Amino acid sequence: MPFLMATLAWAMMALAVQLAIRAPLPGGAVVAVFRTLLAEIWRRGVLPVCGASLFLGLALLPSILEESSEEAAQLQTLLDYGQVWISSVLLLLSMWITSGSLSDEIVTGRMRVLVVHRYGKSALLPGKWLGSLWAILTLLVPATAMLWILCGQVVASSTDLFDEPAVALVSPDSIEVTPEDVENYVTLQMLEDPAGWGMLERDKAYRIARSRLDRLSRSMVQGVPMEYHFQYPAGLSEGAVLEIRPSLGRHHRSERARIRLHLGGSSRDVVLRNSIRSQIEIPDGFVGKTDVVITMEFLGAVSEGIRIPSLNWSGSDALQLRVREGSLLSSLLRSQLLLWIRCGFVAALGLMVSTFLGLPVATLLMLCFFIAAAGGGFTGAFDESHGGSHPDARDHEPSRILIDLLASGGEWIVSFLGDWSRHVTGSRVAAGENVKVSEVYSGFTTIGLIWAGVALLLGSWMNSRKEHGLGVDR
Amino acid sequence: MIAIEESEIRQEVEVIRVRGLRKVFRDFWLRPRVEALREVDLTIYSGEVFGLLGPNGSGKSTTIQILLGLLFPSKGEVSVLGKPPGTAEIKNRIGYLPEDSVFYPFLTGWEMLDLSASLAKVPHSQRKGRIGDLLEMVGLQGAGDREIGDYSKGMQRRIGIAQALIHDPEILILDEPTNGLDPLGVREMKDWIGELRQRGKTILISSHLLADVEQVCDRVSILYGGKVQTSGSIEEILARDDRTLWVTSNPGDEILAEARRQIEKSGIEVVSMGPGTRSLEDKFLETVEAARESGEKTTGAGIGGKLPAFLGQPKDLR
């Protein structure tokens, strides 16, 4: 069955490509270049081979599922691996078909024949970009459909899958330390202890303050109740759960701990294991509420004679509310749409670099981008930077200005890569999390319009400034 | 010979004007590497066939690429149809056949012409008709749906001339137009050039094959070392006053010997005298024509047809 699906998916892709190549589409030069790129990657075998690899890979996914595992775990595995496979193939394909595209035209001399025509230069980049977008879409749509059908096969009734809800994850406000919190804390400490905090360099004081506040906000001392505020503007729906993954410290890895929860008017004690995720149902009385306050008190280890001073929330998902929001299908579709947008940017970037680099170097550059982006841009690396630092005479030295400029550039690159990382949503969908429409909008605006637009404009400008005569021959 | 008296065809309208053209190729660090052109002056008039001759590296291709806007001049004045080369308006009035057949090998002949027509903004309604006409003209009507990668070199050359004409340009720049063509193709190419000239097109040819240039060009310039060494009409350049050529019907050996004696008696040196021979080109064409008439099949290019009507009507130049 999966292999039959793979064959059908491949045929769908082939049909969509052939339609675009042969159908009497209206349009001028851009459409002609679009068709030429599709004809090139189809007839050279790039698209047929990529499609076959993609769909066969998906067809093999059910074989990695453990028979004994639960339905939900199988679903998560399928979605996780399936989306990783689809995104890997499509991103590499976007890079491959574009990063050598223009340099190939230059090396073969075809560029001369193209640009002597009236719209040769202006239509080249947009046409190739649209062609690569269509090529990606012809693979993405059947691959997503195939993945969904495969998921349906592991769920007891495939109709249930359409009703499968997704969840929104809500973190408590108090667990995140804001720059304002740090600022207030430092100001207070300086007033209270001018001989100690007042003597510290401002950067160092901020670093220490942040570290302390982080530790405080992420820990519960035994016997001290803590209030956690969860804001969810849409209002809680039925079936919301509080998800807890406590960290008891490395000395108490195998211990269990008790926590007292105050939810609304009721309170209950729960036993938690170190680093194991537990879910606690939120009573129906909270349905529709936008502000949920949960008070928790750490009661210590279950075993007598063991003393655990505090419990910590380690990681952003250690304490969160899971609220039903949207459906798994819509979340998957939005995630795939974001993938298509990211592929569009990769294609634009590939075209831009291919105006001045050959395929091997352009590919290397693109791979560097992927590796850097996969690291999430190391977001947070510059969190401790502050605008209001002390005036420093060295600020006016050229070397200092240059270093600051380079640092700003670095910060911009980190934030740029962070944006990319934030829009990689495959694993979130696999975990059942809802990908919001607002994320698609933001991905479309940032990656699809601004980044891809800038890359295409820059590429077109460089191409228009370039001599396409004897350059390579000489 | 197709060439006609220069004064008869020229209407003194300058189509291409080059003055003091200089082109220096620079390396990555912008240091001068090669001085390809040095003070080149050229004038090409409307409706003439102009030949650009010269050995390898003499600057022919560089000149052509500057006229097409593919290279930017380092110094000098270049105007095509009164405007700087490379502008969108000028591009649409020039057709270009590159030296090498550098077309997409995975596109069919039809698709390649459609791409060229689209890039040149030929109206959608006219494309199909023009492509069909041009494929017929270049003898590829039976191979339009085959991929160019499967074409022979000569067939690729033919598709090249078709793509250069798809937008009915006023100026045609042909770089080594007979490169890779069989004698039949060469003959057809010369015929097309002649017909295009009759229809008022201005044609610039760059070629190594001097005999071909001699047959089709009205005027030529010979480049060497990036400079125009000589320039003028074919008659002016080739005229020599120390030789005379007589061509008569076959008078028979006796009369021939008598004629030779009489001429030599007058003190005139007879350099060569003997029975006339046909050219190898004529013999080749005759043989191929005979094979075609006998119904021999071929997968190659067919017989080229006449120029399509959209390329204009023949003008009475006399």
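Taking a ≥ b ≥ c as the square roots of the Cα gyration tensor eigenvalues, the stretch A:105-234 comes out oblate, since a/c reaches at least 1.5 and a/b does not exceed b/c. Summary of packing: across the peptides B:195-203, A:109-117, the per-residue average of other C-beta atoms within 10 Å ranks them, highest first, as A:109-117, B:195-203. Neighbouring Cβ atoms from other chains, within 10 Å of the Cβ of residues in A:103-113, number 4 on average.
Given R0 = 25 Å, the distance between the Cβ atoms of A:Arg256 and A:Asp317 translates into a calculated FRET efficiency of 0.75.
Just tell me the longest site-free run in chain B, where the sites are chymotrypsin sites (Phe, Trp or Tyr not before Pro) in a DSSP loop having at most 14 other beta-carbon atoms within 10 Å. For chymotrypsin sites (Phe, Trp or Tyr not before Pro) (loop position, at most 14 other Cβ atoms within 10 Å), the longest site-free span of chain B is B:30-245. Once the cut-off is 22 Å, how many percent of the Cα-Cα pairs in the stretch B:134-293 end up in the long-distance tail? Taking all Cα-Cα pairs of the stretch B:134-293, the fraction more than 22 Å apart is 60 percent. Shown for the stretch A:42-60: residues covered by the partner protein chains by 10 Å² or more of accessible area relative to the chain by itself (probe radius 1.4 Å), namely A:Arg43, A:Arg44. Across peptide A:460-468, the mean count of Cβ atoms from other chains lying within 10 Å of each residue's own Cβ comes to 2. Inter-label distance, A:Asp193 to A:His229: 2.7 nm, where each label sits 7 Å from its Cα along the C-beta direction.
If you find the alpha carbon centre of the stretch A:189-228 and of the stretch B:73-88, how far apart are they in angstrom? That distance is 71 Å.
Taking only the Cα atoms of the stretch B:241-294, the ratio Rg/Rh comes out at 1.20, with Rh defined as the Kirkwood radius. The mean number of partner chain beta-carbon atoms within 10 angstrom of a residue's beta-carbon across peptide B:69-81 is 2. Look at where the Cα atoms of the stretch A:1-56 and of the stretch B:123-172 average out, and the two centres are 26 Å apart.
Using only protein heavy atoms and a 1.4 Å probe, how much accessible area in total is buried between A and B, to the nearest 100 Å²? Adding both sides of the contact gives about 3200 Å².
Taking the convex hull of the alpha carbon positions in the stretch A:105-160 and averaging its projected area over all directions gives 5.8 nm². Computed over the stretch A:234-369, the convex hull of the alpha-carbon atoms projects to a mean area of 13.0 nm².
Averaging 1/r across all pairs of distinct Cα atoms in the stretch B:183-241 and inverting the result yields a Kirkwood radius of 12.7 Å.
Note on B:Ala239 and A:Asp160: the model spin-label points, each 7 Å out from Cα along the C-beta direction, lie 10.1 nm apart.
With Cα atoms as the point set, the radius of gyration and Dmax of chain A evaluate to 27.4, 86 Å. Protein heavy-atom surface of the protein assembly as shown, 1.4 angstrom probe: 56% of the accessible area is carbon and sulfur, with nucleic acids and ligands not counted. Counting 0.36 nm for each residue step from A:Leu457 to A:Glu67 and taking away their Cα separation leaves a gain of 135.2 nm.
Look at the dipole of the stretch A:170-326 built from charges on Cβ: of A:Ala240, A:Phe230, A:Ile259, the Cα furthest out on the positive end belongs to A:Ile259. Rounded to the nearest 0.05, the FRET efficiency derived from the C-beta distance between A:Ile280 and A:Tyr441 at R0 = 41 Å is 0.80. With all protein chains kept in place, the per residue accessible area of the stretch B:93-236 amounts to 32 square angstrom at a probe of 1.4 angstrom.
Please state the shape class of the stretch A:170-326: rounded when a/c is under 1.5, otherwise prolate if a/b exceeds b/c and oblate if not, all from the C-alpha gyration tensor. It comes out oblate by the Cα gyration axes. If you wrap the protein assembly as shown in the convex hull of its Cα atoms and look at it from every side, the mean projected area works out to 50.4 nm².
Computed from the Cβ-Cβ distance with R0 of 25 Å, the FRET efficiency linking A:Met1 to A:Val141 stands at 0.80. Note on the stretch B:122-173: with charges restricted to the Cβ of Lys and Arg (+1) and Asp and Glu (-1), its dipole about the Cα centre is near 80 debye. Across the stretch A:278-292, coupling constants 3J(HN,Hα) worked out from phi with the 6.51/-1.76/1.60 Karplus curve, θ = phi - 60°, read 10, 10, 10, 5, 8, x, 4, x, 8, 4, x, 6, 9, 10, 10 Hz, and Gly and Pro carry x. As a ratio to 2.2 N^0.38 Å, the alpha-carbon radius of gyration for the stretch A:24-175 is 1.41.
Label chain B by shape, choosing from rounded, prolate and oblate, from the square roots a ≥ b ≥ c of the eigenvalues of the Cα gyration tensor; if a/c is under 1.5 it is rounded, and otherwise prolate applies when a/b is larger than b/c, oblate when it is not. Oblate, because a/c is 1.5 or more while a/b does not exceed b/c.
Within chain B, what percent of beta bridges assigned by DSSP are antiparallel, to the nearest 5? Approximately 55 percent, going by the DSSP bridge assignments.
If you take the Cα centroid of the stretch B:21-41 and the Cα centroid of the stretch A:107-179, the two points sit 47 Å apart. Averaged over residues, the count of other Cβ atoms within 10 Å places the peptides A:163-170, A:146-153, B:231-238 in the sequence A:146-153, A:163-170, B:231-238, highest first. Taking every DSSP bridge with both residues inside the protein assembly as shown, close to 75 percent are antiparallel.
The values are calculated or read from the model by the stated rules, or taken from the named source; none is laboratory data. As the structure is a computational prediction, the values presented were derived from the model and not from experiment. Neighbour counts run over all protein chains shown; Cβ positions are idealised from the backbone, glycine included. These accessible areas exclude ligands, DNA and RNA; they are computed on the full protein's heavy atoms, side chains included. Shrake-Rupley method; radii C 1.70, N 1.55, O 1.52, S 1.80 Å.
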